[in-house]
Every structure is written in structure tokens, then in C-alpha cells.
1. Restricting the search to region 34-60, which residues are closer than 17 Å to W186 by Cβ and within 13 Å of the chain's Cα centre (by Cα)?
2. Does any residue in region 122-143 that is open to solvent by 60 Å² or more (accessible area, probe 1.4 Å) come within less than 6 Å, Cβ to Cβ, of a residue that is of a type outside the set (G, A, S) six or more places away or on a different chain, and which pairs are these?
3. Residue check: is I50 among the β-branched types (V, I, T), part of a loop (DSSP other than H, G, I, E, B) and in contact (Cβ under 8 Å) with a residue 12 or more places away in the chain?
4. Name the residues in region 1-36 that are acidic (D, E) and surrounded by 13 or more Cβ atoms within 10 Å (Cβ to Cβ), would you?
5. Out of all the residues in region 72-87, is one or more assigned to a loop (DSSP other than H, G, I, E, B), farther than 30 Å from V144 by Cβ and open to solvent by 40 Å² or more (accessible area, probe 1.4 Å)?
6. Within region 106-153, take every residue that is in a loop (DSSP other than H, G, I, E, B) and of a type in the set (A, V, I, L, M) and give me the one that is farthest from I88 (Cα to Cα).
7. Consider only pairs whose beta carbons are under 8 Å apart and that are at least six residues apart or on different chains; among these, list those whose first residue lies in region 170-189 and is surrounded by fewer than 18 Cβ atoms within 10 Å (Cβ to Cβ) and whose second residue is outside any strand (DSSP E or B) and aromatic (F, W, Y).
8. Out of curiosity, is N90 open to solvent by 40 Å² or more (accessible area, probe 1.4 Å), within 19 Å of the chain's Cα centre (by Cα), in contact (Cβ under 8 Å) with a residue 24 or more places away in the chain and farther than 18 Å from R198 by Cα?
Amino acid sequence: MKDLSNYRKSYDKSELLETSIPEDPINLFNRWFHEVEDFGGIEEVNAMTIATIGLDGFPKSRVVLLKKFNEEGFVFYTNYNSEKGKAIINNPNVCLSFFWTSVERQVIIKGIAQKTSESISDTYFHSRPDGSKLGALVSNQSDVIPSRAYLEENLKQLEVNYEGKEIPRPENWGGFIVTPLEIEFWQGRPNRLHDRIRYVAQPDFSWKTDRLSP
């Protein structure tokens, strides 16, 4: 067994204080997101982990890409018939998390997922490259398949079928929007005394903030 007890680093790049946070967590998320982009060192700033409760009762996490965020929530796209999609439809309670190592920050979002409108899914789907559109058509995501060649052969056939034609969005492919109930901002600090500020949604649509012990 490999001993990892000496894997340590000091976190000292920034701080998160109550005197510098906005009332709305989406504003803080927006600020952090663009600061990470400007700082660099992360190839896909919009990569996030989504945790769901599967049909088998077990939690499962995987990385997806955030495609839009605003006051209404956080949007990503997937195959609704995938393991992830079925889990969300069965139990819409999910958790999103971002870990931006270059700035020693995490954001953890607890919320409720629901399908976006078909028009939103259509608009995004038709903005994708043709290769990605065909990939959505050819993949029965999460299903067992016989080989890599099986996928590639099906893709070649679709390329022939849709040459010069508009590629339709599959009915089982589209967006989810996660409406946040809690958003926690984590900033690494020295001696493991990290800053943790949690926003909790209130019935009047305001947000309550608390500092959590590290």
C-alpha cells in the first residue's frame, strides 16, 4: 500500500471574508469563475462534478461541463436515458462541485435538478459542431456495447445519412438546470484553517450566510 501521508501543501493564495462577499451567491460565483479564467492553469474552468443518487441507491459522481449559469441556476446537457439522466429524473436532489486548484478554491452547490425547456435544449444542440451532434445520436449513453468499432461504424453510417442535412436533436437528449438551495464557497488557507462561507436560500428568495468551521 502506498503511503500518502506526506502529500501536503500550504494554501495561501487568497482569503474569503464576510466583509468582501455580496448578498447573492451567484454574483460571488461569477466573480470567482472569471478570476479562475484570468489566473489560468485550468484547462476547463467549467468542468464540475455532479453527484446523484442512482436507481440502485448508491451515490455516484462524475464530471460534466457547465454550459450556462444565472440567477435561475446552473445548466448542463446530457442523455436523459443515461445512468445519470435516469438517476436525476428519479431523484432530482443533486450536488455540484468545482475544484479550482490553481486558486485553491472549491464551490459546492446543493440543489434540485429539472429538465430545461425543449427550446433551450434545441438552441444549445444546434450550436454544437456536427461531430458532437452525431455523437449524441450514435451513443446510447451508459448502455453496454460490444466494441469501440461498433460506435465508429455507426458514426460513419450517420455521417453518410446526414451529409448536407440538418442533424436533429434526439428527444432523449437535452439540458438540466440545477436550482441551488445551498452554495458553499471554500478558500484554502494556511494551517488548514480554510475559509468556508455557506449561502442558504430563504423562503423570501434572499440568502442567509454562515461561516463554517474548517
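1. V45, A47, M48, T49, A51
2. Q141/N79; S142/E83
3. So I50 does not fit the description; no.
4. The answer is D24, E35.
5. yes
6. Once the filter is applied, the top-ranked residue is I145.
7. Qualifying pairs under 8 Å: N172/Y80.
8. Taking the combined requirement at face value, the residue satisfies it.
The values are calculated or read from the model by the stated rules, or taken from the named source; none is laboratory data. All values reported here derive from a predicted model rather than from experimental measurement. Ideal geometry is used to build each Cβ from the backbone, glycine not excepted, and the neighbour counts take in all protein chains shown. These area figures cover heavy atoms from the full protein model, side chains too; ligands, DNA and RNA do not enter into them. Shrake-Rupley method; radii C 1.70, N 1.55, O 1.52, S 1.80 Å.
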